[in-house]
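What follows is a single structure, written as structure tokens, with notes after it.
The values are calculated or read from the model by the stated rules, or taken from the named source; none is laboratory data. All of these numbers come straight from a predicted model, not from anything done at the bench. Glycine gets a Cβ as well: all are built from the backbone with ideal geometry, and neighbour counts include every protein chain shown.
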DNA sequence: CAGTGGTCTAGACCACACT
DNA sequence: GTGTGGTCTAGACCACTGC
């Protein structure tokens, strides 16, 4: 029996290829956050497949929160500028219930060279230029969060303290509006730590208070890491809420 | 214009009703964790709908991790006894990477009356009988976790220290095998706290070390809470890992 | 009203597992 | 080979939105 050509590339269903093409359009900013994408019928024609196949592709992208379906209106590119999405990645909740409302105060914004750890997380080379931001977030009563944020400078050109202070809403809305960068998902590593001098003064807590340390890496389309964030939370009157499914 | 009869009951698609019926079969233990459920064709006949409708119902239940599809074999009821599921709700990971392996030591198992907070979380009345368990979990080097667990006694009749110690694997496998109780999802509230006398001795840490406090409520089918768990983690060499989507 | 996504069906064929 | 889930199609009809 003669050798048969191997199925090297394992079987890839049509709808996966459609997903990839839709993703490419998102990644290339052909369709911007908040806008409608073409109807299922149009996409079916464009890709020369049936509506059902487009449907399955969109279903999965919607399940990953990349697209949002709205019956009667169309399918939209997900955006952090919507009301429901303002707090999509904020897991802090008051112990007493309800939603937390925080006011930002930016303390610093400087251009520095990436150290080894930040470079690794952002998939840059050590020494590549990054922007480092410092801020606190406060309730009506006291500061609750102290954060350091690192961004690759090549993607966030011209970002300054004053541009940050001029922006009213959450940072992920700012990234979207100003730098066409939409955050898709994030990974967090959480530890308990003791407040040091710097943290205790920023958060108005005694030295050696217990704090929650949250190291986040956030990704855009195509699993590209574009933000590193190291937050410390005062969890004495609020907590980090997580749902396990 | 005369009043029109209101659409009180909002439209409910067929596949939602099928989902509900499948859920009922899971809840009533007609199909047990780990076993196959009838094929899509059989279910389609049983519920008198098309295969595609059954398919959509199963798809959604599989997305919620209640069912597991295996091509060529059938659709199975999800179980914590599978290898991949042993650690489904354990988010602790070593800072150095890899999987953590923990050995349990049960310290206590007593029948008590529910206090207000546990009763609320388990949707019982204050004073109802609950089982309270205490344990530590250790790596090869040192204890990492101290946990208190509360279970409604009516569902976990005859649970004793020795039955716990006789079980080799994770507790959710034990609940399944012994009490036909499968955990579907959980909610956790996380805080940073300081070690007190008791915690510092159990975890072999100095007094006032920082610890992660994790309060979990776990639910079976039908959103029924059946376990409350208050864990404290030593996060000096491991962290709580979370993915935000 | 037309256009969008949402549901449901029926049928053909493919990929995988077991025997 | 037989039976399972997985993919793809085509067409009908429903529900919601906005003109």
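Each residue in the stretch B:36-52 was checked for being at negative phi and away from DNA strand D (no atom under 12 Å from the Cβ), and 3 pass. Selection of the stretch B:140-160 for residues being surrounded by 15 or more Cβ atoms within 10 Å (Cβ to Cβ) and either under 12 Å from the mean Cα position of the chain (by Cα) or away from chain A (no Cβ under 14 Å) (or both) yields B:143, B:147, B:148, B:149, B:150, B:151, B:152, B:153, B:155, B:156, B:159.
If you go through the stretch B:222-245 and keep only what is touching a helix residue (DSSP H, G or I) at 6+ places or on another chain (Cβ under 8 Å) and crowded, with 17+ Cβ neighbours inside 10 Å, you end up with B:225, B:226, B:227, B:228, B:232.
Table: residues versus (1) part of a helix (DSSP H, G or I); (2) at pLDDT 95 or above.
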{"site": "B:120", "(1), (2)": "yes, yes"}
{"site": "B:126", "(1), (2)": "no, yes"}
{"site": "B:137", "(1), (2)": "no, yes"}
{"site": "B:140", "(1), (2)": "no, no"}
{"site": "B:144", "(1), (2)": "no, yes"}
{"site": "B:147", "(1), (2)": "no, yes"}
{"site": "B:154", "(1), (2)": "no, yes"}
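Taken over the stretch A:225-245, residues that are more than 7 Å from chain B (Cβ to nearest Cβ) and either closer than 30 Å to residue A:152 by Cα or in contact (Cβ under 8 Å) with a residue 40 or more places away in the chain (or both) amount to 12. If you take the residues of the stretch A:77-95 that are facing another protein chain (nearest Cβ under 10 Å) and not in a strand (DSSP E or B), which of them is farthest from the chain's Cα centre (by Cα)? Filtering first and then ranking leaves A:95. Suppose the filter is farther than 19 Å from residue B:231 by Cα, away from every other protein chain (no Cβ under 14 Å) and within 13 Å of the chain's Cα centre (by Cα); does residue B:181 pass it? Judged against the criteria, residue B:181 is a match.
Scanning the stretch A:96-106 for residues that are touching a strand residue (DSSP E or B) at 6+ places or on another chain (Cβ under 6 Å) and within 14 Å of another protein chain (Cβ to nearest Cβ) returns a single hit, A:100. Being within 16 Å of DNA strand C (Cβ to nearest atom) and modelled with pLDDT of 95 or more: is that true of residue A:108 here? In short, no. Kindly provide the set of residues from the stretch A:132-164 that are in contact (Cβ under 8 Å) with a residue 24 or more places away in the chain and under 25 Å from residue A:78 (Cα atoms), ordered by number. Within the stretch A:132-164, A:149, A:150, A:151, A:152, A:153, A:154, A:155, A:156, A:159, A:164 meet the criteria. For the stretch B:26-76, enumerate the residues that are within 11 Å of DNA strand C (Cβ to nearest atom) and part of a loop (DSSP other than H, G, I, E, B). B:48, B:49, B:50, B:71, B:72, B:73, listed by residue number. For residue B:98, the conditions (1) at pLDDT 95 or above; (2) surrounded by fewer than 14 Cβ atoms within 10 Å (Cβ to Cβ) are fulfilled apart from (1).
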